[in-house]
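Written out below as structure tokens is the structure these notes cover.
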Amino acid sequence: MMSLPQHLQAIIGPQSSAQARFVIELGRKAQVPILSFSATSPSLSPVQNPFFIRTAQDDSAQVKAIAAIVQAYGWREIVLIYEDTEYGNGLIPYLMDAFLEIDTRVPYRSVIPPSSNNNEIAKEISKLKEDHTRIFLVHMTALLGSKLFVLANNAGMLREGFAWIFTEGLSDLEDRMGSKVKDSMQGVLGLRPYIPRSKHFKDFKRRLKRNLTSSKPNIKITGYVFGLWAYDTVFALAMAVEKASIVHSKFLKKNTSQSNVDLAALGISEIGPMLRDTILTTKFQGLSGKFELVKGQLEPSSFEILNVIGNTERVIGYWTRQRGLSQELDDNSEVANSNSKDNLKQPIWPGDTTEQPPKLKIGVPVKRGFDEFLKVEWDPRTDKPIISGFSHDMFIAVLKALPFPLSFEYIPFMNKYRQSAGTIDELIYQIKLQNYDAVVGATTIVANRSLYVDFTLPYSESGVSMVVLLKDDDKNKFWIFLKPLSLDLWVTTFAAFVFTGLVIWVLEHRINGEFRGPPDQHLGMIFWFSFSTLVFAHNNSLMEPGEKLLSNWSRFVMIVWIFLVLILTQSYTASLASMLTVQRLQPTFVDVKEIKKNGYFVGYQKNSYVEGLLIKQLNFHRSKLKPFSTHEEYHEALSKGTQNGGVAAVFDEIPYIKLFLAKYCSRYTMVGPTYKSDGFGFAFPLGSPLVPYISRAILNVTQDRDKLEAIERTYFSSRGSTNCEDPSASISSNSTSLSLHSFGGLFIITGTVSLISLLVCFFKFFGSHWPTLSNSNPESSFWSKLIEMAKHFDRRDPSSHLIERNTSMAHPIAGPRVIEPST
């Protein structure tokens with residue numbers, strides 16, 4: 001039960017958002033303006049409560065400024081810590097939406113009741129520390145916030161690697177805190193509404209300090225921003241009362257029988273609506289700046305970005321809606337609305353460092369050999385690790401392609417003797433154990449690893465294959481002259497030689513004396529004439545004028561046939577020469593089954609996932625596996641052979657094999673199937689918000705061929721013989737014999753020409769002799785006539801001597817002849 005004074009014109013207050021809800025309802029019932037300079041929760045809306053006037057900025061006005069800071073420093077995760085009150089809860093939906101816009105994840109929200117004691121707050125802080133969270137946003141009132149920072153500092157969470165931001169509700173904490181709280185907030189960033197340092201402001205501050213310290217010398221002025229808003233609120237109310245000419249006011253009472261009434265029985269102010277409207281239209285230049293109410297609350301202004309250093313607050317920049325972040329408020333540069341950390345002065349972070357948190361702990365493998373991919377050395381002066389190699393350079397190039405900065409430090413995965421602390425699988429598992437934030441190196445993307453880490457897109461090809469020793473293939477050289485042509489091509493060529501010789505014999509038998517004689521001479525002529533073209537096709541000096549073909553059809557057939565023989569012999573010569581000069585080496589093994597069947601040893605790279613692939617996928621027994629670390633160990637084991645304690649093959653990822661072959665390509669080759677993997681990638685914790693950004697940056701780098709090739713040349717082009725021919729490519733390209741398919745068209749043309757010539761000859765012969773034979777022996781059978789025709793065909797053509805004489809006189813192109821060997 002309560003009563004209101006009869007001459008009440010307005011209420012200034014209350015100070016907290018929790019109290020304000022009740023008082024706002026009271027003002028609504030009584031139609032009395034409620035002015036508050038400290039109830040800043042966005043859940044209290046002047047639009048929904050017409051008699052509530054907020055003479056301060058809504059807390060949501062600072063949300064975009066906070067998001068700009070988070071975006072500027074590239075923080076992809078942030079934890080919210082806020083008090084469980086109307087003031088604390090009201091801002092959270094606005095923050096969540098703002099962080100969603102800049103793609104920053106909020107993995108956890110820590111809600112602390114204002115009544116929590118130190119033990120309860122310390123327990124919540126310990127939980128945050130165990131989660132390895134490093135970026136925090138604190139939205140609390142000064143009393144609870146001072147406890148939080150002291151306890152967080154005691155827990156070691158305000159040291160190097162952490163970042164803290166506080167909202168404007170804690171901006172006055174610096175003015176009232178003791179030395180212990182000051183020490184706990186070193187390096188913290190904060191926001192505060194910008195207050196113009198006008199002459200009016202400076203004079204007021206000087207007078208206030210003089211008046212207060214004259215009676216109490218040790219007093220300190222606190223409540224910097226809210227105090228100025230309070231002064232402007234009283235001044236605005238006084239101006240409104242004067243402007244409305246209000247002298248006395250009274251309430252229309254609903255119940256006068258008792259002095260204390262409930263809310264339902266409250267009276268209604270007569271001048272309340274008029275006074276409210278007058279306050280809403282009041283404008284002046286106050287101590288806190290321009291006083292102008294928009295939709296019932298103070299117009300949002302610029303914000304100062306503070307950095308707590310020592311006993312002071314250092315302003316490192318400003319934020320405005322028009323320009324975003326800037327180092328100076330009156331910055332007239334042309335860059336508009338930029339959220340870059342370069343637009344802020346260098347802050348001093350917790351731990352008294354200028355290195356931006358969080359600094360990612362990047363695990364790198366320590367191993368012997370294959371330094372081209374990753375090499376760990378030690379600075380003799382600082383004793384800090386120096387990392388180099390292809391994977392390192394790719395990671396640096398990727399970081400440069402990110403739209404935000406990313407601070408990191410390399411931590412080698414090693415023991416106290418600076419030797420490898422385990423396998424690559426064990427290194428990657430350290431991410432799940434939260435010992436590392438990421439792993440950089442030649443780490444292959446495989447299924448079992450993706451169960452506890454997230455990989456980026458691959459930045460290099462991969463896959464597993466085997467490399468084996470090359471050896472001389474002497475046993476196949478005895479019959480190597482047969483290898484240039486395939487079996488079907490040999491058979492077809494032989495048949496074509498015989499057929500062509502037979503066609504030439506038929507065409508020349510009746511008219512050319514050199515094609516006549518006993519049957520054995522006929523058979524010899526058929527084979528000799530056709531096969532001798534192998535020599536005639538290349539050596540025209542063996543053609544003599546006396547050795548000629550008399551039939552034009554024979555000459556036509558020979559022209560086409562010699563063309564085919566020329567192409568065939570040239571191809572045969574080239575293929576045989578290639579086999580004799582190039583194909584001298586063959587891989588010792590080409591099949592994994594053969595190696596397993598004979599029980600030979602195989603090698604693999606030490607501490608790689610290939611060991612598991614050999615055992616689980618290829619079913620090798622562990623006792624048959626030998627680990628190696630360097631190129632030289634690969635070379636030594638393979639060169640020994642299977643009989644001298646060596647290995648039959650070495651299994652490794654293709655980038656490593658290519659690097660090995662670049663140095664030893666003349667002695668080894670890569671054979672067998674490729675067991676696919678997704679390539680080399682960078683590993684991050686499951687659900688890391690950095691993975692999509694890193695993956696997109698990898699695409700930008702790998703698609704920039706000039707940049708990628710420059711990195712590759714640094715580590716790979718200078719190693720070994722870059723012009724060394726790949727033996728496996730030579731074997732593959734030269735081991736195939738010439739097939740019939742390659743010359744099918746030529747054989748068809750030659751056969752068609754020969755067949756046409758033969759048919760023309762037969763038709764002419766039958767056309768000239770069949771009628772005569774039929775008339776002389778009309779009663780003879782068909783077969784008798786054919787036999788008689790064959791006898792006629794075997795006889796020499798009576799006009800052949802005229803053909804020979806005319807041909808000799810005309811000096812025709814000489815055809816091939818049988819050349820007896822010289823003695």
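Couple of notes before you dig in:
- Whether the stretch 86-135 is rounded, prolate or oblate, judged on the alpha carbon gyration tensor where a/c under 1.5 counts as rounded: oblate
- Shape call, the stretch 379-421: gyration tensor on alpha carbons, a/c limit 1.5: prolate
- Two-decimal Rg/Rh across the stretch 12-84, once Rg and the Kirkwood Rh are taken from alpha-carbon atoms: 1.12
- Note, ³J(HN,Hα) from phi for the stretch 394-406, Karplus 6.51, -1.76, 1.60, rounded to Hz, x at Gly and Pro: 5, 5, 5, 5, 5, 4, 5, 8, 6, x, 8, x, 9
- For the stretch 19-136, the mean projected area of the C-alpha convex hull, equal to one quarter of the hull surface, is 8.3 nm².
- Close amide-amide hydrogen proximity is noted between G463 and I654, S677, G679, each under 5 Å apart and 5 or more residues distant or on a separate chain (H modeled in the peptide plane; Pro and chain starts excluded).
- Above 21 Å, the calculated P(r) of the stretch 264-403 contains 70 percent of its Cα-Cα pairs.
- Convex hull per residue volume in Å³, alpha carbons only, for the stretch 421-479: 153 Å³
- Pairs with C-alpha atoms separated by more than 28 Å, drawn from the list K129/K341; K606/K707; K367/K626, are K606/K707.
- When you work out D = kT/(6 pi eta Rh) for the stretch 75-185 at 25 °C and 0.890 mPa s, using the Kirkwood radius from C-alpha pairs as Rh and the Stokes-Einstein form, the result is 173 µm²/s.
- For the listed peptides 698-711, 417-430, a ranking on the average number of other beta carbons within 10 Å per residue, highest first, reads 417-430, 698-711.
Coordinate-derived values only; no laboratory data. In this text the structure is predicted, and so the values were computed from the model without any measurement. Note that each Cβ is placed from the backbone with ideal geometry, even for glycine, and that neighbours are counted across all protein chains shown.
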